[in-house]
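Structure first, commentary second.
The values are calculated or read from the model by the stated rules, or taken from the named source; none is laboratory data. Since the model is a prediction, treat every value here as computed from it, not as a measurement. Cβ atoms come from the backbone with ideal geometry, glycine included; neighbour counts cover every protein chain shown. For the accessible areas, the whole protein counts, side chains as well, though only heavy atoms, and no ligand, DNA or RNA atoms are used. Shrake-Rupley method; radii C 1.70, N 1.55, O 1.52, S 1.80 Å.
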Amino acid sequence: MTTGTGMSDAGKDPKSVSRDDSGHLARDSGHGPGNGSHGAGTGPGSTGPGLAGPSEPVGGHEPENEPEHEPERWSGVERALLRMRRVVLLSTLLPLAAVTAGVLWPVAGPAWAALALLPSAAAAWGWGALERNWRSWRYAERADDLLISRGVLWRELTVVPYGRMQLVEVTSGPLERRYGLARVQLHTAAATTDAAIPGLVPDEAERLRDRLTELGGARSAGL
């Protein structure tokens, strides 16, 4: 009987078997009506409608991070430089004020002697201006050059490449030696790029001279 045959076949195969009107056997794939709606899009590696695949960067590679530049490490000059310059300022303007007052008072009277206040006012203004200028002096040693910054109203930044240095010397005058200071003088191939760093202790000045001389020789040999 047809019913017996269908049950027997169904017992052998877990998939259901049925006959169409023409008498042929038709097997059910076991998928529901909604399972076949994707078609070939359900295969591995394929995406169906509305499904986004894995995103890839444009050009086939990820952008490389640019190397970060190491920030400059600035160093200042010694405070003894400020004390030395203030002594020079006062030793120049205060005697000038005293002489002006002593000469004009008996000759022209107290009205003209008031002109002696001008050197005193200049000394008071210069006292603060020297400190601002002292704070502006700083230098930084980089991989390929030396930076020197200075100035208050007009800022000036000098870049001295190591390969352009021809002579580095340490100088110290009588007054600088009195305050334990030295100056590093830089001479380059172009006179316009010559520079100096004042207000250094002798040990730091000699260390900087030796290092700049060594780096300058190495860079010149590599040109």
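One table, with the values for the structure above:
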read-out	value
Among M84, W105, L115 the positive-end extreme of the charge dipole of segment 78-138 (Cβ point charges)	M84
Residues of segment 168-223: accessible area per residue with a 1.4 Å probe, Å²	54 Å²
Segment 130-191, accessible surface, carbon-and-sulfur percent (1.4 angstrom probe)	52 percent
Spatial separation of Cα centroids for segment 165-223 and segment 92-150, in angstrom	28 Å
Simple Cβ-charge dipole of segment 84-210, Lys/Arg +1 and Asp/Glu -1, about Cα centre, in debye nearest 20	360 debye
Segment 87-214 - Rg and Dmax from Cα coordinates, angstrom	20.3, 65
